[in-house]
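Undergrad: First the structure, which I've put down as structure tokens, then a few questions once you've had a look.
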Amino acid sequence: MADDSNSFSKGAIGSYAAVGDSFTEGVGDPGPDDTFIGWADRLAVLLSDQQAEHTFRYANLAVRGRLLDQIVEEQVPRAKELGPDLVTFCAGGNDILRPGSDPDDVAERYEAAVVDLAGSVGTVLLCTGFDTRGVPVLRHLRGKIATYTAHVRSIADRHGCPVLDLWSLRSVQDRRAWSDDRLHLSPDGHTRVALRAAQVLGLQVPADPDQAWPAEGVRSPAEVRRDNIHWAREHLVPWIGRRLRGESSGDHVEPKRPDLLPL
């Protein structure tokens, strides 16, 4: 179990609300009945295990495809109303992916939401972006994502928020940390993020999120090319089509856990 000298501890966490988009909803980590599990659900289990007499309560307000302003309008007021001990606030990623978006402008609106949240809940944990240098399509956005990540860390410093630093989590650079669509984490990837978030919150965790992956064989160029063609046909083309039609994968989707309830 790795020790994190930069972990954040602010007393017992008896309630937790997750705010965000597909990353926090858990897309890529399938659960029962067409739902998703994801890192936030897994973090909730780790937090619950720290509580005596099963008093821990958890809400997940995240919805796939949501932009920052939608999250601020739809989820932040509900999180404030619930008033949990902890809110994880991971937002802005979909904005950064949009052509012509300005990470400075997104960060300014993000900070206003952090200030609003921090006045009503116990602790607000912020999430940086991933390092996308090895991700097809997204690698050319690495500079914008790095700029936004720097803003998130600065905002955290200014307002005393703990940070889930996904950029520095080396284990998610492995392709096995990502689902077939290459845009969302796999179940193993979500598990590693949950472990890292728990470390940041000062919890003892059962495994090191940055532990090495098992060795695997080298794929031939033909296998890589075949995988890329399959991915483009099954995932990239539909994703581009939704963007051109102005559609979102989250249209008509409701939060999976809108209330603070026991696990």
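Undergrad: May I ask you to list the GluC sites (Glu not before Pro) in the range 58-101 that are in a DSSP loop and have at most 15 other Cβ atoms within 10 Å of their Cβ?
TA: Filter output for the range 58-101: empty list.
Undergrad: Further question on the same structure: Quick check for you: with a 1.4 Å probe and neighbouring chains kept, what is the accessible area per residue of the range 41-175, in Å²?
TA: 43
Undergrad: Let me make sure I get this right: for the range 1-125, a, b and c are the square roots of the gyration tensor eigenvalues over alpha carbons, sorted descending. Under 1.5 in a/c it's rounded, otherwise prolate if a/b > b/c, else oblate. Which is it?
TA: prolate
Undergrad: Assuming 0.36 nm per residue, please report the length gained on full extension of the stretch Gln50 to Asp259 beyond their Cα-Cα distance.
TA: Extra length from Gln50 to Asp259 when fully extended: 73.2 nm.
Undergrad: If you place +1 on the Cβ of every Lys and Arg, -1 on the Cβ of every Asp and Glu, and leave all else neutral, what size is the dipole of the range 96-146 about its Cα centre, to the nearest 20 Debye?
TA: Here the range 96-146 has a charge dipole of around 380 debye.
The values are calculated or read from the model by the stated rules, or taken from the named source; none is laboratory data. Keep in mind that what you see is a predicted model, and the values were worked out from it rather than measured. All Cβ positions, even for glycine, are placed from backbone atoms using ideal geometry, and neighbour counts span all protein chains on display. Note: areas computed on protein heavy atoms with side chains; ligands, DNA, RNA excluded. Shrake-Rupley method; radii C 1.70, N 1.55, O 1.52, S 1.80 Å.
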